[in-house]
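Below you'll find the structure, written out as structure tokens, and then a few comments.
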Amino acid sequence: MTTSLGPYASFITTSYALVAIVVLLLIVWIAVDYRTQKARLRDLEASGITRRSGRGATDIR
Amino acid sequence: MTLIDLANPTRFLSLTARVLPWLTAATAILLAAGLYLSALAPDDYQQGATVKIMFIHVPNAWLSMFVWGVMSIAALGTLVWRHPLADVAAKSAAPIGAAFTFLALVTGSLWGRPMWGTYWEWDARLTSVLILFLMYLGLIALWRAVDDPSRAARAAAVLTLVGAINLPIIKFSVDWWNTLHQGASVIRMGGPTLDRSFLIPLLVMAVAFSLLFVTLHLAAMRNEILRRRVRSLQMMQASRVTLSNEVGAA
């Protein structure tokens, strides 16, 4: 197993760290967006606005 | 459930709720396996340990083009078949594709500095990928600029199909022009030229990143469907307020 990353270790670790950060940001953005949309739908339903089908807008199962 | 059933957003949401936990688990396991195999991979005789950047650079580069390919198929779905989920699929994929393209550019740059002696060179491969990144940003801006999703969908679909011309240019740029970037070493006539000790971790990481894309894309599509429900309910709410104001005034 290679344990030393050699003279260019900073380039390698920066690459992996950047990928991890961007992927994490994507995951967090999508998770926060999901909660935001569900909260908006709940608020609208609570104010008496319902879908034409009569089904709950937040019910996705 | 047949493919045609997925045209129904409610059924699509139901399917997404069932498959997302499994996809998330499979992605996490494959990513962990890919990272483990990447750590075990030997140093290259010329590049040393910097070859490890390949295991994240190449999957991101492949996905940057693959995601545009997915968006192009979705664009056909919007323009030709008017599939209700086609624009949802394309719009949800764009930010994820932009992120993969950004990562391909930055990790390539960080790999290029120690190997080529420069972070950037205006050669055909690097420039065409930069153009792809700018096209992703342009599409995202277009979707945000137009309020009506159906109008934005048609314009974005046309732009996506025009932009697809860039995909073969990116793929064959290393063959058509003299570039600093190396030629194809995995997807090529005659098979891969990479040694198995590099090829296996690379393929595992490529599958892991592809699964990551599928997982994030389905989750983003679910969000976009909910966002469109919010919009239609808000419009119903606004029309009720207008109607009650008119009745009150009369």
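What follows draws every value from the coordinates through simple rules; no lab data is involved. Owing to the predicted nature of the structure, the values given are computational and were not obtained by experimental measurement. Every residue, glycine among them, receives a Cβ derived from its backbone with ideal geometry; neighbour counts consider all protein chains shown.
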Stokes-Einstein D (µm²/s) once Rh is taken as the Kirkwood radius of the stretch B:122-248 over alpha-carbon pairs, at 37 °C in 0.692 mPa s
174 µm²/s
Out of B:VAL51, B:VAL207, B:VAL19, a Gaussian network model of chain B with alpha-carbon springs under 10 Å gives the largest mean-square fluctuation to B:VAL19
Given +1 on the Cβ of Lys and Arg, -1 on the Cβ of Asp and Glu, and no further charges, what dipole in debye does chain B carry about its Cα centre, rounded to the nearest 20?
700 debye
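Within chain B, what's the longest run with no trypsin sites (Lys or Arg not before Pro) in a DSSP loop and at most 14 other beta-carbon atoms within 10 Å? Give the range, please.
Details: sites that count: B:ARG82, B:ARG188.
Between the exposed loop sites, the longest stretch runs B:83-187.
What dipole magnitude, in Debye to the nearest 20, does the stretch B:107-154 give about its Cα centre under +1 on Lys/Arg Cβ and -1 on Asp/Glu Cβ?
Magnitude of the dipole: close to 80 debye.
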In a GNM of chain B with a 10 Å cut-off on Cα contacts, which of B:GLY69, B:GLY183, B:GLY34 has the highest mean-square fluctuation?
B:GLY183
Chain B: most fluctuating residue of B:THR78, B:THR179, B:THR101 per GNM, C-alpha cutoff 10 Å:
B:THR179
Cross-link candidates for A:LYS38: which lysines have Cα within less than 28 Å, leaving aside residues fewer than 8 places away along the same chain?
B:LYS91
Could you give the length gained on full extension between B:TRP22 and B:TRP120, defined as 0.36 nm per residue of separation minus the Cα-Cα distance, in nm?
31.3 nm
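Just flag the chymotrypsin sites (Phe, Trp or Tyr not before Pro) in the stretch B:24-91 sitting in loop per DSSP whose Cβ has no more than 14 other Cβ atoms within 10 Å.
Answer in residue order: B:TYR45.
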Here the FRET efficiency for B:ARG113 versus B:ILE165, based on Cβ atoms and R0 = 22 Å and rounded to 0.05, is 0.10
Rounded, prolate or oblate for the stretch B:1-74? Axes are the square roots of the Cα gyration tensor eigenvalues, ordered a ≥ b ≥ c, and the cut-off for rounded is a/c under 1.5.
oblate
